[in-house]
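This report refers to the structure that appears directly beneath it.
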Amino acid sequence: MTASPARALPRIVSASFQAGATAADQFPPPTLVEVAFAGRSNVGKSSLLNCLLQRKSLMRTSSTPGCTRQVNFIDVQSQDDAEMLLVDLPGYGYAKRSKTERRSWGTLIESYLLDRATLSGVVLLVDVRRGLEDEEYQLLDLLNGPARVSRRPLNIIVVATKLDKLPNSERKLALIKLAKDSRQPRIVGFSAKDQTGRDELWRRVRQAAGLDPTALIEQS
Ligand code: GTP
Ligand code: MG
């Protein structure tokens, strides 16, 4: 039996900034399915979104941590008429912020992740060189735990970012370790610099949003 060729991915036809929120009452009405991008400050969330959406500077990026300071909602439409919101979250773990500021941002991210009825998937970005630390384990617990609204369990995608910074020979082992530590069947290795993993991630994001059937994929 021959394996069937991978189905062509519907192209993104538009990606536009819809809203930026610094408080929960500024979130747009929950109408479209959403997939959010979470991770440590500077891990590459905004760069990954620009790469995924093939837009050079839709989201602002910076080499200084703490660049994204609000919850940003981006409306994305594909060739097959599917529409969803991708949500860029402010990064956590930025020590230079004041305690009060860190606490209020933590509350904002937590309230988004636990109270958002239209949230269907969360992409957790991890720097491939750092692996999982306390904050990532806490976030995974929160995502795997009960929500405060009625919704289906979240689809979680773990992405190892900045893969280009690791020598080729070390990449496979790092991804296997991340899969084991996060208890995820497969980690997406990604680089915004050379676009590694871009198509695979787009496929997984569409699946997480319920737009495509889930395929069984093994870490190879
Ligand atoms: P915050 O908004 O502070 O939470 O950061 P962020 O997670 O959105 O990170 P951002 O996309 O702003 O990227 C941080 C820095 O990492 C920038 O200097 C990017 O150019 C760099 N960067 C992001 N992704 C990659 C990558 O895949 N490879 C390399 N080499 N650098 C990357
Ligand atoms: Mg950012």
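The values are calculated or read from the model by the stated rules, or taken from the named source; none is laboratory data. Just so we're clear, the structure is a prediction, and the values are computed from it rather than from any experiment. Cβ atoms come from the backbone with ideal geometry, glycine included; neighbour counts cover every protein chain shown.
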Inset, instruction - Working only within segment 62-73, note down all residues that are assigned to a loop (DSSP other than H, G, I, E, B) and either more than 8 Å from ligand 1 (Cβ to nearest atom) or over 21 Å from Leu108 (Cα atoms) (or both). - result: Ser62, Ser63, Thr64, Gln70
Legend entry - Identity of the residue in segment 131-165, closer than 16 Å to Val35 by Cα and charged (D, E, K, R), that ends up nearest to ligand 2 (Cβ to nearest atom): Arg151
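Just a yes or no: is a residue in segment 98-105 on the phi > 0 side of the Ramachandran plot, at pLDDT below 95 and surrounded by fewer than 21 Cβ atoms within 10 Å (Cβ to Cβ)?
Just the residues of segment 98-105 that are on the phi > 0 side of the Ramachandran plot, to begin with: none.
No, every residue in segment 98-105 fails to be on the phi > 0 side of the Ramachandran plot, at pLDDT below 95 and surrounded by fewer than 21 Cβ atoms within 10 Å (Cβ to Cβ).
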Legend entry - helices (runs of 4 or more DSSP H) contained entirely in segment 133-220, each with at least 1 residues that are among the basic types (Lys, Arg) and free of Cβ contacts under 8 Å to residues at least 24 places away in the same chain: 168-182
Legend entry - Residue count, segment 28-45 (criterion: assigned to a loop (DSSP other than H, G, I, E, B) and either more than 12 Å from Leu85 (Cα to Cα) or within 16 Å of ligand 2 (Cβ to nearest atom) (or both)): 4
Inset, instruction - Kindly indicate which of Val76, Val43, Val33 is within 13 Å of ligand 1 (Cβ to nearest atom) and at pLDDT 95 or above. - result: Val43
